[in-house]
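Written below as structure tokens is the structure these notes are about.
The values are calculated or read from the model by the stated rules, or taken from the named source; none is laboratory data. Note that this is a predicted model, so its numbers are computed, not measured. Counting neighbours? That spans all protein chains shown, and the Cβs are built from the backbone with ideal geometry, glycine included. SASA here: full protein model, heavy atoms, side chains in, ligands and nucleic acids out. Shrake-Rupley method; radii C 1.70, N 1.55, O 1.52, S 1.80 Å.
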Amino acid sequence: GTHLPSDFSDHKTVSFVGRPFPLAEADEHLGRIAGWGFNALRLLTTWEAVEHAGPRQYDAAYIEYLGQVCERAAAHGLAVFIDFHQDVWSRMSGGSGAPCWLFDKLGMDYTRFHQAGAVHVMQYKYDYSSPEKRQEDRYPTMSWPLNYRLPVNGIMWTAFFAGKAYTPDWMIDGVNVQDYLQEHYCGAVTAVAQRVKHLPNVVGFDTLNEPGMGWIGHKMTARPSGTVNGDFAVGLTGPAWTPLDGLKVASGINTMVPRLGIENSRLVTTHELNINPQGVPIWKDGVACPFEKAGAWSREGGGGTPDEEFFRKRNGKLVDPENDFIGPFFVKMASAMRAVRPDWLLFAEINPHVITQGRAFPKQMPENSVNANHWYDVALLVSKGFKASMTAAEKRALAEL
């Protein structure tokens with residue numbers, strides 16, 4: 001948990017048994033939920049909880065624990081769909097989700113992430129010895145989502161969804177990095193599915209909580225700019241990382257990144273952030289940046305020679321992130337779980353931020369898919385306060401959502 005400092009050195013031996021509660025307390029919690037009138041649970045687990053020890057080394061004790069939670073849910077009349085949850089990829093990059101050994105397999109050294117400025121991790125940035133609980137100068141409120149803009153998330157999500165398109169020569173154990181990541185993810189899902197396949201109250205699996213999209217579809221050096229309106233613009237403030245910034249920092253190049261704020265309804269640079277002044281690469285010794293090898297950029301001249309359209313176009317055509325990359329992943333996920341039980345529902349999610357941009361689910365969806373995207377009261381989430389009335393600009397922005 002983030003209430004304890006950690007260097008994650010026990011990542012292979014960690015146990016998630018007893019989370020979110022010991023089995024002895026299951027009836028108390030599940031009974032309360034049923035008593036409130038609910039009849040379904042989105043039951044969270046993580047890829048790390050199932051496969052933390054190493055490739056295809058599934059934690060049998062944890063899988064049994066999760067299965068028994070599902071059985072206790074049935075006793076309270078609760079249907080269950082299982083969500084392999086994530087936030088900003090993994091605990092080692094500031095949230096939860098994937099196991100740490102994946103970084104090693106991809107040639108990355110997770111012990112260098114913080115020093116390089118490539119992640120925003122509470123366990124490193126928060127001063128646990130301080131009596132101050134809120135530490136806005138070190139770990140600002142709701143600052144963890146900014147991790148999606150930082151190098152580690154840019155690399156991992158781009159590789160997970162589009163490694164074959166962008167880095168076709170990036171091979172892990174004889175297969176492309178995208179296939180390697182997705183096959184192991186689906187393998188962990190299948191390991192859990194085998195345990196719960198006989199339970200009639202388990203109705204399916206979530207694809208993956210609020211997936212990041214890395215640098216897919218982005219220009220290499222473009223930053224947000226222009227006039228903004230309302231609370232919704234707050235999402236554009238903060239460090240304005242570009243894919244090139246991330247690639248340079250990941251390769252140990254000291255980089256200045258502007259921090260954006262709002263003045264007179266315009267995005268402006270408030271100051272420059274000095275990232276990775278010690279020049280620490282997150283790639284392991286002897287490992288070259290796969291994106292540089294693929295032609296995305298070159299470190300010559302300080303990394304100032306990028307292919308501006310590298311992540312936006314493939315073979316001269318603009319990429320369509322949902323149809324080109326998310327859709328095939330949905331098919332793979334549906335095939336994996338339905339090989340265990342054909343009648344399961346696929347609870348599908350796309351990145352929630354792209355919906356505000358007018359983007360939507362892939363045109364071709366697996367049969368028996370459920371729209372499992374999330375609804376947020378955005379004004380409340382951003383402002384942390386209830387407003388009885390909204391400005392005209394806020395009403396327009398809400399209508400667009």
Exercise for the section: Based on the mean of other Cβ atoms within 10 Å per residue, sort peptides 356-368, 86-98 so the most packed one is first. Expected result: 86-98, 356-368
Exercise for the section: Find the accessible area per residue for the chain; the probe is 1.4 Å, ligands and nucleic acids are left out, and the unit is Å². Expected result: 46
Exercise for the section: Measure nothing but the geometry: give the 0 to 90° angle between the long axis through the Cα atoms of 327-338 and the longest principal axis through the Cα atoms of the chain, rounded to 10°. Expected result: 20
Completion exercise
Note on the stretch 116-270: contact order normalised by length, alpha-carbon pairs under 8 Å, 6 or more apart, percent, works out to 24
Completion exercise
PHE16 neighbourhood, Cβ < 9 Å, K/R = +1, D/E = -1, net charge -1
Handout entry: Principal-axis tilt of helix 151-166 within the chain, Cα atoms, nearest 10 degrees
Key = 80
Exercise for the section: May I ask you to list the lysines whose Cα is less than 17 Å away from that of LYS395, ignoring any residue fewer than eight positions away on the same chain? Expected result: LYS387
Practice task
Could you run the Karplus curve 6.51 cos²θ - 1.76 cosθ + 1.60 with θ = phi - 60° over the stretch 185-195 and give me ³J(HN,Hα) per residue in whole Hz, x for Gly and Pro?
Solution key: 4, 5, x, 5, 4, 5, 4, 6, 4, 4, 6
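Only Cα pairs under 8 Å and at least 6 apart count here; give the relative contact order of the stretch 181-339 as a rounded whole percent.
Values: 192 pairs, mean separation 41.4, N = 159.
Relative contact order here is 26 percent.
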Problem - Dipole magnitude (debye, nearest 20) for the chain, charges at Cβ of Lys, Arg, Asp, Glu - result: 560
Fill in the blank from the handout: For the stretch 29-128, the percent of accessible surface on carbon and sulfur atoms (probe 1.4 angstrom, ligands and nucleic acids excluded) is 52
Practice task
Lys and Arg at +1, Asp and Glu at -1: add these up for the other residues within a Cβ distance under 15 Å of ALA348 and post the number.
Solution key: -1
Problem - Relative contact order (percent, whole number), the chain, Cα cutoff 8 Å, 6+ residue spacing - result: 16
Fill in the blank from the handout: Which residues qualify? For TRP89, with a placed amide H closer than 5 Å and at least 5 residues away or on another chain, they are SER96
Exercise for the section: Would you please put 297-303, 389-395 in order of how densely packed they are, using the mean number of other Cβ atoms within 10 angstrom per residue and starting with the highest? Expected result: 297-303, 389-395
Practice task
Can you tell me the dipole magnitude for the stretch 198-283 around its Cα centre, using point charges on the Cβ only (Lys, Arg +1; Asp, Glu -1), in Debye to the nearest 20?
Solution key: 280
Problem - Protection proxy ranking of 76-84, 253-261, 370-378 - average other beta-carbon atoms within 10 Å, highest first - result: 76-84, 253-261, 370-378
Fill in the blank from the handout: the chain: antiparallel bridges as % of DSSP beta bridges, rounded to 5, reads 55
Completion exercise
For LYS248, the lysines lying under 25 Å Cα to Cα, once residues fewer than eight places off in the same chain are dropped, come out as LYS105, LYS125, LYS164, LYS219, LYS284, LYS293, LYS313
Problem - Efficiency of FRET between GLU367 and HIS271 - r from beta-carbon atoms, R0 56 angstrom, step 0.05 - result: 0.60
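Roughly speaking, to the nearest percent, how much of the stretch 296-336's 1.4 Å accessible area is carbon and sulfur?
C and S atoms contribute 49 percent here.
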